[in-house]
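The values are calculated or read from the model by the stated rules, or taken from the named source; none is laboratory data. Keep in mind it's a predicted model, so treat the numbers as computed, not measured. Quick reminder, even Gly has a Cβ in these numbers, built from the backbone with ideal geometry, and neighbours come from all protein chains shown.
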Amino acid sequence: MKSKLRCALWIVCLQLFVAAACVAAQGARQIIIDTDPGADDAMAILLALNSPELDVKALTVVAGNVVVDRGVENALKLVSLAHRCDIPVARGAGHPLVATLTTAEFFHGKNGLGDVELPAPACRPDTRFAPDLIIQTVHAHPHEITLVPIGPLTNIALAISKDPSIVPLVKEVVLMGGGISGGNITAAAEANIHNDPEAAHRVFEAGWPLTMVGLNVTEKTLFTPADLKRLAQTRGLENDFAVGVLHFMVNRAENLGGEGTPMHDPLAVGAAIDRSLITTQDMRVDIELRGEYTRGETVADRHNSTDQRVRRGDRYAVEGIQRVEPNVHVAVSSDAPRFIDMFISRIAGK
């Protein structure tokens with residue numbers, strides 16, 4: 001058994017060496033993580049900071065899992081833990097565009113970090129408003145920035161509204177949100193989209209390349225007690241913090257009848273690292289803004305078509321099919337075992 005474990009670790013190390021060599025040859029992908037940290041956000045941020053394929057240009061903070069001031073403090077603690085005070089952390093929107101904010105300390109702990117305490121941050125916040133930082137960074141690196149929103153989309157929507165010229169300058173948007181098989185905050189809606197549907201509508205309609213990593217894949221990408229045991233075999237400041245947060249998340253999931261905790265936000269970062277971790281299908285996705293039971297739902301047209309109806313007296317008659325243009329690369333499956341192995345290998349011993 002030990003020899004098999006050593007062999008597996010050597011294989012993972014070899015994969016990391018190859019990945020690092022490729023990055024050195026091609027250059028890391030430049031990303032901005034827009035976040036509401038958040039326990040799974042924290043795991044996503046640590047994954048990004050420990051992945052040579054990514055160059056994290058900024059963390060922009062939005063209200064969501066926790067109130068925005070708590071989110072900024074958590075983000076500063078995370079970059080301090082990783083000794084990355086070079087990464088700007090900027091405060092963004094404190095409330096949705098229209099809706100009333102819903103926070104989720106039940107799932108993330110009173111402090112948003114699974115009730116695992118970190119020292120006071122050594123890093124200091126950037127003085128810019130997060131949407132302004134997004135705009136400035138995109139203009140400074142045209143066609144190079146990938147936005148990775150893993151919270152409500154308020155900051156991204158505000159940036160679009162303030163400067164629509166950034167849309168064609170953004171390389172890609174890879175977001176955690178939505179789903180095509182039901183919700184988690186309601187029967188129909190996922191939490192990030194439900195928290196600010198109007199913002200999501202602007203982002204989904206903007207016209208840039210957009211990949212949606214939603215519940216239909218994240219809820220099948222589970223970090224289990226066995227995975228937690230693997231990560232707990234190694235030690236390090238980031239490693240130990242991650243073990244504590246994931247212990248909280250796994251216990252919470254088990255208490256609710258789950259076999260492990262879904263890796264919602266980390267999988268979106270994983271897709272930015274290695275697109276082959278997910279399989280996508282192009283679909284037309286619209287955001288439901290008015291439904292009593294479906295507000296915030298990401299309504300995906302798997303066929304990218306709609307019936308052509310013609311009024312005939314007191315009825316409509318279908319006279320053909322009208323194609324609709326897809327606007328989202330929708331993740332429909334994930335290589336969960338490979339992603340979990342990658343996550344553990346990146347955090348282990350750090």
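Of all residues in region 104-120, which are acidic (Asp, Glu) and either within 18 Å of GLY260 (Cβ to Cβ) or part of a loop (DSSP other than H, G, I, E, B) (or both)? Within region 104-120, ASP115, GLU117 qualify.
If you go through region 64-86 and keep only what is assigned to a loop (DSSP other than H, G, I, E, B) and either surrounded by fewer than 21 Cβ atoms within 10 Å (Cβ to Cβ) or touching a His at 6+ places or on another chain (Cβ under 6 Å) (or both), you end up with ASN65, VAL67, ALA82, HIS83, ARG84, CYS85, ASP86. If you scan region 215-252, which residues turn out to be touching a helix residue (DSSP H, G or I) at 6+ places or on another chain (Cβ under 9 Å) and closer than 18 Å to GLY182 by Cα? If the condition is that a residue be touching a helix residue (DSSP H, G or I) at 6+ places or on another chain (Cβ under 9 Å) and closer than 18 Å to GLY182 by Cα, then LEU215, VAL217, THR218, GLU219, LYS220, THR221, LEU222 are the ones that fit.
Exactly one residue out of LYS162, LYS220 is among the basic types (Lys, Arg) and out of contact with any strand residue (DSSP E or B) (no Cβ under 9 Å at 6 or more places or on another chain), and it is LYS162.
Among the residues making up region 46-63, those that are outside any loop (DSSP other than H, G, I, E, B) and either β-branched (Val, Ile, Thr) or over 15 Å from the mean Cα position of the chain (by Cα) (or both) are ASP55, VAL56, LYS57, THR60, VAL61.
Taking the condition touching a Leu at 6+ places or on another chain (Cβ under 9 Å), modelled with pLDDT of 95 or more, crowded, with 24+ Cβ neighbours inside 10 Å and outside any helix (DSSP H, G or I), does GLY94 pass? Please lay out each step first, then the result.
Details: touching a Leu at 6+ places or on another chain (Cβ under 9 Å): yes; modelled with pLDDT of 95 or more: yes; crowded, with 24+ Cβ neighbours inside 10 Å: no; outside any helix (DSSP H, G or I): yes.
No, not satisfied.
Output yes when any residue across region 127-137 is more than 14 Å from ASP34 (Cβ to Cβ), under 19 Å from the mean Cα position of the chain (by Cα) and part of a loop (DSSP other than H, G, I, E, B), and no when none is. Taking every residue of region 127-137 in turn, none turns out to be more than 14 Å from ASP34 (Cβ to Cβ), under 19 Å from the mean Cα position of the chain (by Cα) and part of a loop (DSSP other than H, G, I, E, B). When region 210-250 is limited to residues that are more than 19 Å from the chain's Cα centre (by Cα), polar (S, T, N, Q) and within 24 Å of ALA82 (Cβ to Cβ), the one that is surrounded by the most Cβ atoms within 10 Å (Cβ to Cβ) turns out to be ASN239. The C-beta contact set for region 244-264 (first residue over 12 Å from ALA226 (Cα atoms), second residue aromatic (Phe, Trp, Tyr) and assigned to a loop (DSSP other than H, G, I, E, B), distance under 8 angstrom, 6+ apart or interchain) is empty. Looking only at residues of region 294-350 that are outside any strand (DSSP E or B) and free of Cβ contacts under 8 Å to residues at least 40 places away in the same chain, we find that the one that is surrounded by the most Cβ atoms within 10 Å (Cβ to Cβ) is ASN304.
Output the residue which, of all residues in region 283-310 that are at pLDDT below 90 and charged (D, E, K, R), is nearest to the chain's Cα centre (by Cα). Going through the qualifying residues, I end up with ARG302. From the list VAL173, VAL167, the one residue that fits, being in contact (Cβ under 8 Å) with a residue 40 or more places away in the chain and hydrophobic (A, V, I, L, M, F, W, C), is VAL167.
THR280: at pLDDT 95 or above, farther than 22 Å from ASP36 by Cβ, hydroxyl-bearing (Ser, Thr, Tyr) and not in a strand (DSSP E or B), yes or no? It is false that THR280 is at pLDDT 95 or above, farther than 22 Å from ASP36 by Cβ, hydroxyl-bearing (Ser, Thr, Tyr) and not in a strand (DSSP E or B). Among the residues of this structure, GLY207 counts as one that is surrounded by fewer than 19 Cβ atoms within 10 Å (Cβ to Cβ) and in contact (Cβ under 8 Å) with a residue 12 or more places away in the chain. Close Cβ contacts (under 7 Å, 6 or more residues apart or on different chains) running from residues in region 222-234 that are touching a residue at least 40 places away in the same chain (Cβ under 8 Å) to residues that are surrounded by fewer than 17 Cβ atoms within 10 Å (Cβ to Cβ) and of a type in the set (Gly, Ala, Ser) comprise THR234/GLY349. Taking the condition closer than 21 Å to ASN50 by Cα and outside any helix (DSSP H, G or I), does ARG230 pass? No; evaluated as a whole, the condition is false for this residue. Which one of ALA336, ALA268, ALA348 is out of contact with any strand residue (DSSP E or B) (no Cβ under 8 Å at 6 or more places or on another chain) and of a type in the set (A, V, I, L, M)? Criteria check complete, one pass: ALA348.
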